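The values are calculated or read from the model by the stated rules, or taken from the named source; none is laboratory data. Not measured: the values here are computed from a predicted model. Using ideal geometry, Cβ is built from the backbone for each residue, glycine included, and neighbour counts are taken over all protein chains shown. Note: accessible area is taken over every heavy atom of the protein model, side chains too, but ligands, DNA and RNA are not part of it. Shrake-Rupley method; radii C 1.70, N 1.55, O 1.52, S 1.80 Å.
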Amino acid sequence: MRRLDTTSLLNAYRRGVFPMAESHDDPHLFLVDPEIRGILPLDGFHIPKRLARTVRQDRYEVTLNRAFTRVIEGCAAPAPGRENTWINPLITNLYGALHREGHAHSIEVWQEERLVGGLYGVAIGGAFFGESMFSRATDASKVALVHLVARLLREGFTLLDAQFHNPHLEQFGLIEIHRHDFRKDLTAALILDCTFDAPPLEMSGASALAIIESS
């Protein structure tokens, strides 16, 4: 496929498709348009009790857009059970450019000033397209996800795209919908005027839980 720039990439997301690579070492990208899409319903997001305790106790420091490049590098790095990833240098550079333009965002999880987890994705209108997450400490990526959902709810987002079915996300209420239904939800979300990085940029675990519980 022709080389993507940030404008064509955003237009791809607006059509409901997204790029991937075959592997970290693959120098090419291809666009994916799944027939069955995984999404996390924001109004039905479920938090396991043990995780809720971890979030409420603020065992980790959670920040927004403080270390985007390090988060995407963490997602691209090999890990036990995930020796290879689809995030190649082209994706790293492309999403870095999206971040500098204000469209791609990261949530970081820190423990004693060490980055131990996080996630990143793309925000357009009232839709957030989750791309990847990583964890180097217990529940770190899950804490990032809880804070992501709280921020999306607080700012009026209506769609959280998880792209594919993922057993790891079933505990949070992941559902699968057909491409046609996803595009209807996407169309409705894109007309909204939501701001992902609206202040305050950080919130406590208790605040995040309160937002989710009241939704």
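What does the helix-only formula give at 222 nm for the chain: each DSSP H stretch with n ≥ 4 adding -39500 (n - 2.57), the total divided by the residues, and the result rounded to the nearest 500 deg cm²/dmol? Provide the component values of the computation, followed by the final result.
Values: 7 runs with 75 residues, N = 215.
Counting only the DSSP helices, I get -10500 deg cm²/dmol.
Quick test of the membrane-span-like rule: which DSSP H helices of the chain reach at least 18 Å along their long axis (C-alpha atoms) with mean Kyte hydropathy at least -0.5?
Qualifying helices: 140-154.
Please report the relative contact order for segment 55-116, taking Cα pairs under 8 Å with a sequence separation of at least 6, and give it as a percent rounded to a whole number.
Value for segment 55-116: 48 percent.
Which residues make up the longest stretch of the chain clear of GluC sites (Glu not before Pro) that lie in a DSSP loop with no more than 15 other Cβ atoms within 10 Å, not counting the sites?
Formally, the longest exposed-site-free interval is 114-201.
Quick one: check the C-alpha center-to-center distance for segment 4-44 versus segment 111-150, whole angstrom.
18 Å
With r defined as the distance between the Cβ atoms of Glu113 and Glu202 and R0 fixed at 22 Å, what FRET efficiency is calculated, to the nearest 0.05?
My answer for the efficiency is 0.90.
What is the dipole size for segment 65-215, taken about its Cα centre, with +1 at each Lys and Arg Cβ and -1 at each Asp and Glu Cβ, in debye to the nearest 20?
The calculated dipole for segment 65-215 is roughly 160 debye.
Carbon and sulfur together cover what percent of the accessible area of the chain at a 1.4 Å probe radius?
Roughly 50 percent of what the probe reaches on the chain is carbon or sulfur.
Within segment 20-38, name every residue whose backbone N is under 14 Å away from a label modeled 7 Å from Cα of Leu90 along the Cβ vector.
The answer is 20-32.
Exposed loop sites here are trypsin sites (Lys or Arg not before Pro) in DSSP loop states with at most 14 other C-beta atoms within 10 Å. What is the longest stretch of the chain lacking them?
Between exposed loop sites, the widest span is 4-215.
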